[in-house]
Amino acid sequence: MIFISYVSEDRSRVMPFYDLLDAHNLNPWMDHKSILSGQNWDYEITTALERCDIIIIFVSQNSVDKRGYAQKEISFALEKIKEKLKGDIYAIPVQLDRVDFPEQLKGIQFLQAYNKEQSEVEAELLRSLNAAQKKSLEIASDAQLKAEVRWLIEDSELKYNGIPGFSTSVQRIRLSSTKYAQLKDIEDHINGSLARHAMDARYSTLEPQPSFYNLMQDEWKRTNTFDAIFGSADVVGRVISVGYSLHWYSAGAAHPVHAPKSFNYLLEPIIHLPSIRNLFQSDDALGPVQAHVQRLLASELKLNEADSFDLNWVCEGTKDWDSLSNFMLTKDGITVVFGSYQVAAYALGMPRITIPYELVVDLLNESVLHALGLYRTA
């Protein structure tokens, strides 16, 4: 999916690009074209951003004072860029007018549209998109080849129109390998966990509440919605980590809730690592790990000593092992992701930090240490 974000109030200037992508079957997504009447804008935009492969950001004269979803979309795109490998083309900014770029986009190569013919701009945009898609496929194939594990994602959706109704969507994972046996156990464990969340979202349909919901309401307001969207899979040594983003909207709520969900396993033998505590030799590791997490979060959220309220929020949201439950073992270190409101305001989404292995290698237990192919410093 290609997400179109326009930091401009003039949609008509962006529509030719949408039509161009649509004509080339590139699956464009743009709010006023892709969101049906009565749908939840916040929820649909957030989940579309999670699903998209590329985001095109159009910037115009109106960008200077533009607020709201456009800024949120840009911030989200920049967070996703951090997850990409160097060389990936994920965000393509397009400058419609001769204006300065929003601060968040500075440093990203952009396409100037204001001093070129429309046909030239369209051709350049298509070249960038084709290069991005080709690069993405090559990287995914290369990553799976090196890991000796392959993964495939399949969509599963179910809807029911009731009072309340439900709409659930789960991107199921399929795993295979010529090296590791019984990956079906991991596959079943992940898909079963996600299916349980989907089932929970459906259950209230058995208990109609006509005093709260009726068929004259916008459908999304009376629909319990759940989406489980695949994020990434990482294989480091003999460990596999799989990350998802989960999105809930409870019928009638003010806004949706977003949370990460991670799964970590040893590959040989296949063993689930249910807690970040399982990585370390003892509970004494909690203090040093917390200190690294809180320092990295303060830097990520751009906090200083004067931001006492927000720093307390960070400390409260990282107070124990359970607070760090959504972790992944990546090539760069232990990545921890936090849900809505856990360590920061809702508008800041799902913050993530990565603790380099060298900072905690002396605290890891022997099994995890060897499975990751790491060595102690002394």
**Message:** Going residue by residue through the stretch 260-276, is there one that turns out to be part of a helix (DSSP H, G or I) and open to solvent by less than 50 Å² (accessible area, probe 1.4 Å)?
**Reply:** yes
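Out of the residues in the stretch 205-234 meeting the condition of being in a helix (DSSP H, G or I) and open to solvent by 30 Å² or more (accessible area, probe 1.4 Å), tell me which one is farthest from Leu158 (Cα to Cα). Talk me through it step by step, then tell me what you get.
Restricting attention to the stretch 205-234, the residues satisfying the condition of being in a helix (DSSP H, G or I) are 205-206, 219-222.
If we keep only those that are open to solvent by 30 Å² or more (accessible area, probe 1.4 Å) too, we end up with 206, 219-221.
Working: Leu206: 15, Glu219: 15, Trp220: 14, Lys221: 17 Å.
Among them, the one singled out is Lys221.
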**Prompt:** Out of Ala198, Ala181, which single residue is over 19 Å from the mean Cα position of the chain (by Cα) and not in a strand (DSSP E or B)?
**Reply:** Ala181
**Asked** For residues in the stretch 308-323 being among the acidic types (Asp, Glu) and open to solvent by less than 60 Å² (accessible area, probe 1.4 Å), which is nearest to Ala259 (Cα to Cα)?
**Response** Asp320
**Message:** Looking at the stretch 294-319, I want the residues that are farther than 20 Å from Arg277 by Cβ and have a partner that is in a loop (DSSP other than H, G, I, E, B) and among the charged types (D, E, K, R) with Cβ atoms under 9 Å, at least 6 apart or on another chain. Which pairs are those?
**Reply:** Ala298/Asp307; Leu301/Asp307; Leu311/Glu305
**Request:** Could you tell me whether the stretch 205-212 includes any residue that is of a type in the set (D, E, K, R), over 21 Å from the mean Cα position of the chain (by Cα) and farther than 20 Å from Ser176 by Cβ?
**Result:** yes
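What do you reckon, is Gly192 small (Gly, Ala, Ser) and either surrounded by 20 or more Cβ atoms within 10 Å (Cβ to Cβ) or closer than 21 Å to Leu329 by Cα (or both)?
On the way: small (Gly, Ala, Ser): yes; either surrounded by 20 or more Cβ atoms within 10 Å (Cβ to Cβ) or closer than 21 Å to Leu329 by Cα (or both): no.
No: the conditions fail for Gly192.
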**Asked** Of the residues in the stretch 352-378, how many are over 14 Å from Ser282 (Cβ atoms), open to solvent by less than 20 Å² (accessible area, probe 1.4 Å) and touching a residue at least 60 places away in the same chain (Cβ under 8 Å)?
**Response** 4
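The values are calculated or read from the model by the stated rules, or taken from the named source; none is laboratory data. What you see is a predicted model; the values in this text were computed from it and never measured. When we count neighbours, we look across all protein chains shown, and the Cβ atoms used for this are built from the backbone with ideal geometry, even at glycine. With ligands, DNA and RNA removed, areas are computed over all heavy atoms of the protein, side chains included. Shrake-Rupley method; radii C 1.70, N 1.55, O 1.52, S 1.80 Å.
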